[in-house]
Amino acid sequence: MALMRKIRWLCCVLCLWSAAQPACAGAPDCTAAASVDWQAVAPGVWVWLPEHLDEISPHNRGQVLPISAVVDAGEALVVDPGPSHQHGLRVRRSLACQLGARVRWVVNTHAHAESVLGNSAFADLQALGQLDIVATAGTREAMQRRCAQCLSYLTSIAGAEAMQDTRIVLPNRIMSEGETLAVGRIRLQVMQVGNAHTESDLLLWEPQRRIMWAGGLLYEGRIPELAQGSLNGWLHALPRLKALRPVLVVGAALSVAPDAGSLPSAFGATDHYLQALRMSILQAMDAGLDGSDIRSIQLPDFAGWAGYRQRHGFNVQRAWRELEPEWLDATGPASPRLIPDVGR
């Protein structure tokens, strides 16, 4: 697989970061009940990928996004622990028995159920003060407001058995731009983006190795989720992330730069979809269409992406409401009105 070849290339490069770091090797055997197919994508950086690019179903038990862990010196930080109590338990136990690490941090990058409901597997450690669940203030507020409804919805799709014992556990530590999280010797800088993929998105950045945890801000092969976000805000946020020149991104997709001079392909994929969505709506408005005609706004280039049937139409509705005041205030045709991308 091309992605795994890129990961092996990047892993070899990043292994030079420190001779003291663990080798890029497979995880040791673990009991079947706790086993997770963790993939080492850089020294101390592990990712559990979903089996397929798909939508939530009983078959995948709600895991449609990567779950990531940073491990060093017996400590672990988990980024977006997954859709259920059972997923969170698998993460927690596998890190202990496969990688010999105690989870010290759980990071919620944004308030989507399939990313944060795994918090409940860490509630006992949180209550004992042995672990912090971290998010931005905006994400915590959104979870408090929406998660009960989201848990009910996810249960109806993934099934009651998959969601057994899952309960809402809110972050107890609020972080913002410029703060740092330490995992052993690894230092991760906190970044914050507001009103883009969601009301508030937290990113983690390791500048020394140029690794970025982008939460839901970067997609590839799967239609982006715009339900709680802003199309223009998202497009304005991407150049800031590109300017950092990351070589490895863990977001809604795992994406690796093909070489030292390039960006991970998820940047181009996400930007392409969002720009195409914006342009198609503005052109439809220029042509005299109105909100009742949104079904005619199709993007064939993305019809093969997971979630196109389920989410693209809703994204059109959401973006139409956002762009209509802009279109009413504008003069001239839509064609020149792409959001500038200084990071291309």
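The values are calculated or read from the model by the stated rules, or taken from the named source; none is laboratory data. Source: prediction; values computed, not measured. A quick note on method: Cβ atoms are made from the backbone with ideal geometry, for glycine too, and the neighbour counts reach across all protein chains shown.
Given the criterion touching a Ser or Thr at 6+ places or on another chain (Cβ under 8 Å) and farther than 24 Å from VAL106 by Cβ, identify the matching residue among PRO258, PRO239.
Working: PRO239 fails: touching a Ser or Thr at 6+ places or on another chain (Cβ under 8 Å).
None of the others qualify; the one that does is PRO258.
Taking the criterion of being polar (S, T, N, Q) and not in a strand (DSSP E or B), the residues of segment 159-182 that qualify are GLN164, THR166, ASN172, SER176. There is no residue in segment 319-337 that is modelled with pLDDT of 95 or more, closer than 22 Å to VAL64 by Cβ, acidic (Asp, Glu) and over 19 Å from the mean Cα position of the chain (by Cα).
For first residues located in segment 147-167 and more than 18 Å from GLU55 (Cβ to Cβ), partners that are among the aliphatic types (A, V, I, L, M) and modelled with pLDDT of 95 or more and lie 6+ apart or on another chain with Cβ distances below 6 Å form the pairs CYS147/ILE168; THR166/LEU117. Selection of strands (runs of 3 or more DSSP E) fully inside segment 1-120 by the criterion of at least 2 residues being of a type in the set (Val, Ile, Thr), within 30 Å of ARG173 (Cα to Cα) and at pLDDT 95 or above returns 45-48, 67-72, 75-79, 102-107.
Could you check how many residues of segment 259-289 are hydroxyl-bearing (Ser, Thr, Tyr) and in contact with a Phe, Trp or Tyr (Cβ under 8 Å, 6 or more places away or on another chain)? Here the count works out to 2. Within segment 290-317, the residues that satisfy the criterion of being surrounded by 18 or more Cβ atoms within 10 Å (Cβ to Cβ), part of a helix (DSSP H, G or I) and out of contact with any Phe, Trp or Tyr (no Cβ under 8 Å at 6 or more places or on another chain) are ARG311, ASN315, VAL316. Residues in segment 117-129: is at least one within 20 Å of VAL183 (Cβ to Cβ) and free of Cβ contacts under 8 Å to residues at least 12 places away in the same chain? Scanning segment 117-129 turns up at least one residue that is within 20 Å of VAL183 (Cβ to Cβ) and free of Cβ contacts under 8 Å to residues at least 12 places away in the same chain.
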